[in-house]
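As structure tokens, the structure follows; a few thoughts come after it.
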Number of protein chains: 2
Amino acid sequence: MSEVLRLGIAGLGTVGVGVVEIVQKHGALLKRRTGCEVAVSCVSARDSSRDRGVDLSGYGWVDDPVTMAERDDVDVVVELIGGSEGIAYDLVKTALSNGKSVVTANKALMAHHGAELAELAEANGVGLSYEAAVAGGIPIIKAMRESLMGNEIAALYGILNGTSNYILSEMRTGGRGFADVLKDAQAKGYAEADPAFDINGTDAGHKLTLLAAIAFGVKPNFDAVELNGIEHLLLEDIQFAEELGYRIKLLGITQKIDGAVVQSVEPCLVPRSSPLWAIEDVYNAVYVDCDAVETPFFSGRGAGRMPTASSVMGDIVDLARGIRVPVFGMSSMHLLDAVHAPMDRVKSRFYLRLNVVDEPGVMASITAVLRDFGISIESMVQRGRAPGEAVHVVLKTHGALTGDMRTAVEQIGALDVSVEKPCLIRIEDDL
Amino acid sequence: MSEVLRLGIAGLGTVGVGVVEIVQKHGALLKRRTGCEVAVSCVSARDSSRDRGVDLSGYGWVDDPVTMAERDDVDVVVELIGGSEGIAYDLVKTALSNGKSVVTANKALMAHHGAELAELAEANGVGLSYEAAVAGGIPIIKAMRESLMGNEIAALYGILNGTSNYILSEMRTGGRGFADVLKDAQAKGYAEADPAFDINGTDAGHKLTLLAAIAFGVKPNFDAVELNGIEHLLLEDIQFAEELGYRIKLLGITQKIDGAVVQSVEPCLVPRSSPLWAIEDVYNAVYVDCDAVETPFFSGRGAGRMPTASSVMGDIVDLARGIRVPVFGMSSMHLLDAVHAPMDRVKSRFYLRLNVVDEPGVMASITAVLRDFGISIESMVQRGRAPGEAVHVVLKTHGALTGDMRTAVEQIGALDVSVEKPCLIRIEDDL
């Protein structure tokens, strides 16, 4: 262990500034805890003149962050630029190739290039850590790739995107529609100007990809994640769910079915008995289904300056202590190319909301389709509107294969009596 | 890193057998994950003839476990004997002195001798891990001594004893008294024949001592934990608490007040909004109050064969990967002798249940005492009994110093109108 660990911080957005703040505030504490001085050598960002509320005067300024990877005064590159390609990718690759460890918060980069970068880190005998890339301040990567390593993992469920969880919470508590709440979230800074990645499941999918890789010892494969967002949810869905004793959460789920890995992001009905039920606003949570420890549960702030910076610092502390952990929980040469299975083969109960004309025989046509697929109905609610108008019908089914359910719903949607695309949501009763 | 990590397992109770099971079941997986074969060299227990449901025939049998510490075929001693003194202490000390790493589930040993053993481990360049000693399967030690190291910690709250949490849950859901539920818990194996350590707070106190040491960088000091158990709680207290919107949980709490460390185990009223509220039965949970990551929360099985064995395996995986972490989150030479403060200086709201005679002027005498200590009442419930009988009066106070509150309650208990010792419980509203 050397006596000083010198950081190059690339990216001075909210998280980068948080990391600088912790290093400045807790320098003495970090030294007691690691036996090593943690120091910032240089920083990099697009605009050198902007006041970021922290004193950067003691640090070198680097215009081209990729050059950090070549500096003699940098032991660890802290990559907080973001994006799966371009500068972030070049910087991390160059740093690892040059024998510098990398700490990153970049989920997109790791989800798309994780396998290649893990190999590169190993070949060069350096660390590559990304605690901050998944679930903000929750130390789930360390738990997964270290603490739970004595377990075979069957499944993992996570609320992994704070923005969509905030939107769903607000819709429920405020009784407001999706578009209305989204606009509000953007005004408050909880959602980006372009919120697509948050609300269509992409961001959660990046994170899920990394968790699945560790859980199952496979190369991260973002392309095999089925993405479903929350844009199509109505306030009514949230209210119907609540009447049935559930809340709707956008869950990242990975599980093994007959040896194949299934990865999905989708809204799910979560029962009151689940610890995920109470996770509201911008909080994240992860629930793991393990063979020995059963179902450990982790929750905390899923985003924000200091929580995310805390995760970056946890990775830095490891490096300051001379600790390196296999990037995805095992050496790259042992990571398998996963066999992926589609969602079709997942069995669960479902919530189905239809908007249909209010006339005799409608329910007969709908239930006939379900019967043809062997899908049985557990309960049904019909919400009356004005006479002659279309009505919402909500069905809760017994267990059915997702593939069957989806085909049935397509057929129901094509019936003349359907006035709107049906909304199908998985019910996750076993959480 | 060597190619095989050889374990000597001392103690073949429920956890020891769980560890053997995991090593046998997941041998190949552990090798993929650590790059190292994890093998059992020898085992030790009191009775070599007993059938424990696992095949031990391939392992050496050791009669005197302390001799494990001297065997050439043992790299890591897994101490699962228990007890703060005697064989467990001798074994761990000898193993560390002989340059063998130790993994233990022994909270009493670590709480009483942790500082000495940590020094010994460091002096000999070996690891000393105890994830399984605290909160069963929850990886809280790793989170505390690694992930959260970039944070200054203000306080930590834990449900750390599964037996007492089970008893409190059962009293509430079954509407039964303490003694009745305890007898039942003993029959089910959830409570020991001698349940004293579980119900009087000692066991939770051992665990809290270790968490406090890591949180504040101090030498573990069990003697400075104020212990309060659950034996004196009535079913009525649980019901009154529920009426007020709370559940009673036995919490281990450590916090800093003016630089001094306060450590306590005591029943507390936990509000519905707290994640601790929903932790029932034998589950454990830990809530940490940090300056950067804010309030991460961890829950899971607090005991049981496989959950605890999972934690032991997590520590073994670290060692198989060549990872050693400072025993209490920093080198022993940096651990401070904590300045401890008594509970007296902790301010909070309180639940106070009195049993008083039902006659004019009683409330005037009681409230006069509270007034003299500057304690103001937020709400009051009186539960009527038959005329002329003693009545339960429950008060909820505004914030008051524990010391003042306790003195006031002593005075109230000494009043002629009191027919029973009052029951005072802290309300932890900020969780």
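Taking the numbered list (1) on the phi < 0 side of the Ramachandran plot; (2) within 14 Å of chain A (Cβ to nearest Cβ) in turn, B:Leu234 passes all entries but (2).
Considering only segment A:182-198, I want to know if a residue exists there that is crowded, with 17+ Cβ neighbours inside 10 Å, in contact with a strand residue (DSSP E or B) (Cβ under 7 Å, 6 or more places away or on another chain), in a helix (DSSP H, G or I) and not hydroxyl-bearing (Ser, Thr, Tyr). No, segment A:182-198 contains no residue that is crowded, with 17+ Cβ neighbours inside 10 Å, in contact with a strand residue (DSSP E or B) (Cβ under 7 Å, 6 or more places away or on another chain), in a helix (DSSP H, G or I) and not hydroxyl-bearing (Ser, Thr, Tyr).
In the condition set (1) more than 10 Å from chain B (Cβ to nearest Cβ); (2) farther than 20 Å from A:Ala185 by Cβ; (3) at pLDDT 95 or above, A:Asp258 is compliant with all but (3).
Considering B:Ile167, B:Ile214, the condition of being in contact with a Gly (Cβ under 9 Å, 6 or more places away or on another chain), closer than 19 Å to B:Gly302 by Cβ and assigned to a helix (DSSP H, G or I) is satisfied by B:Ile214 alone. Note on segment B:25-78: among residues that are part of a helix (DSSP H, G or I) and in contact (Cβ under 8 Å) with a residue 24 or more places away in the chain, the one that is most open to solvent (accessible area, probe 1.4 Å) is B:Glu70.
Filtering A:Glu170, A:Glu122, A:Glu146 for residues that are within 25 Å of A:Thr94 (Cα to Cα), modelled with pLDDT of 95 or more and among the charged types (D, E, K, R) leaves a single hit, A:Glu122. Residue check: is A:Gly314 at pLDDT 95 or above, within 10 Å of chain B (Cβ to nearest Cβ) and not in a loop (DSSP other than H, G, I, E, B)? Taking the combined requirement at face value, the residue satisfies it.
As for segment B:129-142, it holds no residue that is more than 12 Å from chain A (Cβ to nearest Cβ), open to solvent by 10 Å² or more (accessible area, probe 1.4 Å) and in a loop (DSSP other than H, G, I, E, B). Scan segment A:229-243 and tell me whether some residue there is among the β-branched types (Val, Ile, Thr), crowded, with 16+ Cβ neighbours inside 10 Å and in a strand (DSSP E or B). Within segment A:229-243, not a single residue is among the β-branched types (Val, Ile, Thr), crowded, with 16+ Cβ neighbours inside 10 Å and in a strand (DSSP E or B).
Is it the case that some residue within segment A:293-308 is in a strand (DSSP E or B), surrounded by fewer than 24 Cβ atoms within 10 Å (Cβ to Cβ) and more than 9 Å from chain B (Cβ to nearest Cβ)? No, the conditions are met nowhere in segment A:293-308. Per the listing B:Leu227, B:Leu250, the residue uniquely touching a residue at least 40 places away in the same chain (Cβ under 8 Å) and more than 11 Å from chain A (Cβ to nearest Cβ) is B:Leu250. Scanning segment B:295-310 for residues that are at positive phi and modelled with pLDDT of 95 or more gives a single hit, B:Gly300.
Selection of segment A:1-24 for residues being aliphatic (A, V, I, L, M) and either under 18 Å from A:Val54 (Cβ atoms) or open to solvent by 20 Å² or more (accessible area, probe 1.4 Å) (or both) yields A:Met1, A:Val4, A:Leu7, A:Ile9, A:Ala10, A:Leu12, A:Val15, A:Val17, A:Val19, A:Val20, A:Ile22, A:Val23. When A:Cys42 is tested against the conditions (1) within 19 Å of A:Arg321 (Cβ to Cβ); (2) away from chain B (no Cβ under 14 Å), the lone failure is (1).
Could you look through segment B:293-312, keep only residues that are farther than 9 Å from B:Gly18 by Cα and β-branched (Val, Ile, Thr), and pick out the one that is nearest to the chain's Cα centre (by Cα)? Across segment B:293-312, the extreme among qualifying residues is B:Val312. Of all residues being of a type in the set (A, V, I, L, M, F, W, C) and in a strand (DSSP E or B) in segment A:272-292, which is farthest from the other protein chains (Cβ to nearest Cβ)? Just the residue, please. So, considering only residues that are of a type in the set (A, V, I, L, M, F, W, C) and in a strand (DSSP E or B), the one farthest from the other protein chains (Cβ to nearest Cβ) is A:Val286.
Taking the conditions (1) closer than 24 Å to B:Val288 by Cβ; (2) of a type in the set (Lys, Arg); (3) surrounded by fewer than 18 Cβ atoms within 10 Å (Cβ to Cβ) in turn, B:Lys207 satisfies each one other than (3). Taken residue by residue, segment A:79-101 has no member that is within 14 Å of another protein chain (Cβ to nearest Cβ) and farther than 24 Å from A:Ala193 by Cα.
Is it fair to say B:Val325 is within 21 Å of B:Phe240 (Cβ to Cβ) and either modelled with pLDDT of 95 or more or open to solvent by less than 60 Å² (accessible area, probe 1.4 Å) (or both)? Answer is no for this residue.
The values are calculated or read from the model by the stated rules, or taken from the named source; none is laboratory data. Note that the structure is predicted; figures quoted are calculated from it, not measured. Heads up, the Cβs are rebuilt from the backbone with ideal geometry, glycines too, and the neighbour counts pull from every protein chain shown. The area values use the complete protein model at the heavy-atom level, side chains included, leaving out ligands, DNA and RNA. Shrake-Rupley method; radii C 1.70, N 1.55, O 1.52, S 1.80 Å.
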